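Step one of this worksheet: look at the structure below.
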């Protein structure tokens, strides 16, 4: 397993100082940033692609258009990124013919399958992973976060699962399910990649960090007061993360190729919440958890 870390300037500074170690830098699909990261350390790309609109293709949320496969294939080739990742999500705006108060799970599943199958046909099932989402604070259609929906997508297309642990915990909370039972209902035998973060209420010092960094009031209002991922781990997060890694090391789940710590980043918002001391303290501990089984790590 390779341990990856979100690209951020504090992470790079700590790495160059020899204070943290990781196998890969995880980058958004921004060519200039990818080129910068590749000068520092091996890098892989996480793409902003959605599946679920039913357009027979992936949709790029950065460009607001169907995927530009030529650009994506260029980044795949430059970095050796092993997977094309798809976020499984559906909104009412995507499907105006389906009443949001009474969504039709079968029709929504078929549209999701249509998009994923198109990408599988292009790259092969072994190169495609689908990521579980958290439900968008209730703004997205619920069938997309049901574990049985995700399982059917994986089983019927042959692709792999990108298990985002914090997304699973948030989705379970929305569905009023136990988080471990929620994950157990996912196709854990097909895990190819794992994302880890903490979960914290975005208030107090987090809001103050954004204000000091000059983040606009609308963005702050969007995040304030909500239970949020992409933050450092606290006590309960460490317990849950240890359980996740135990399932992987024991062979109870599939063995991912990449385990990524999705804390830290670039841009006004993510730079503002990236804390150098938190990275220095938590990256070595996570690295040790991931590399616990040294043989084949």
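What follows is calculated from the coordinates using simple rules that are stated; it is not laboratory data. All values reported here derive from a predicted model rather than from experimental measurement. Note that each Cβ is placed from the backbone with ideal geometry, even for glycine, and that neighbours are counted across all protein chains shown.
Be a star and scan the range 179-219 for residues whose amide nitrogen sits under 18 Å from the point 7 Å along the Cα-to-Cβ vector of residue 246. Hits in the range 179-219 for residue 246 at 18 Å: 179-185.
Please label the shape of the range 1-61 as rounded, prolate or oblate, based on the square roots a ≥ b ≥ c of the eigenvalues of the alpha-carbon gyration tensor (a/c under 1.5 means rounded; beyond that, a/b larger than b/c means prolate, else oblate). In terms of gyration-tensor shape, prolate.
Each Cα pair under 8 Å and six or more residues apart adds its separation to the average, and for the chain the resulting relative contact order is 20 percent. Label positions at residue 203 and residue 155, each projected 7 Å from the Cα along the C-beta direction, are separated by 4.1 nm. For the peptides 104-111, 88-95, residues were scored by their other Cβ atoms within 10 Å and the scores averaged per peptide; the highest-first order is 88-95, 104-111.
Each peptide among 198-211, 72-85, 156-169, 112-125 gets the average number of other Cβ atoms lying within 10 Å of its residues, and from highest to lowest they stand as 156-169, 112-125, 72-85, 198-211.
The simple Förster model, with R0 at 45 Å and r as the Cβ-Cβ distance, assigns residue 55 and residue 17 a FRET efficiency of 0.45. Classify the chain: rounded, prolate or oblate, from the alpha-carbon gyration tensor (a ≥ b ≥ c, eigenvalue square roots; a/c under 1.5 rounded; otherwise prolate if a/b is larger than b/c)? In terms of gyration-tensor shape, rounded. Every pair of different Cα atoms in the range 123-205 enters the Kirkwood calculation, which places the hydrodynamic radius at 13.2 Å. Across the range 1-147, the volume of the C-alpha convex hull divided among the residues equals 129 Å³ per residue. Ranked by how many other Cβ atoms sit within 10 Å of their own Cβ, fewest first, the residues 270, 253 fall in the order 270, 253. Counted over the range 6-115, the DSSP beta bridges are approximately 35% antiparallel.
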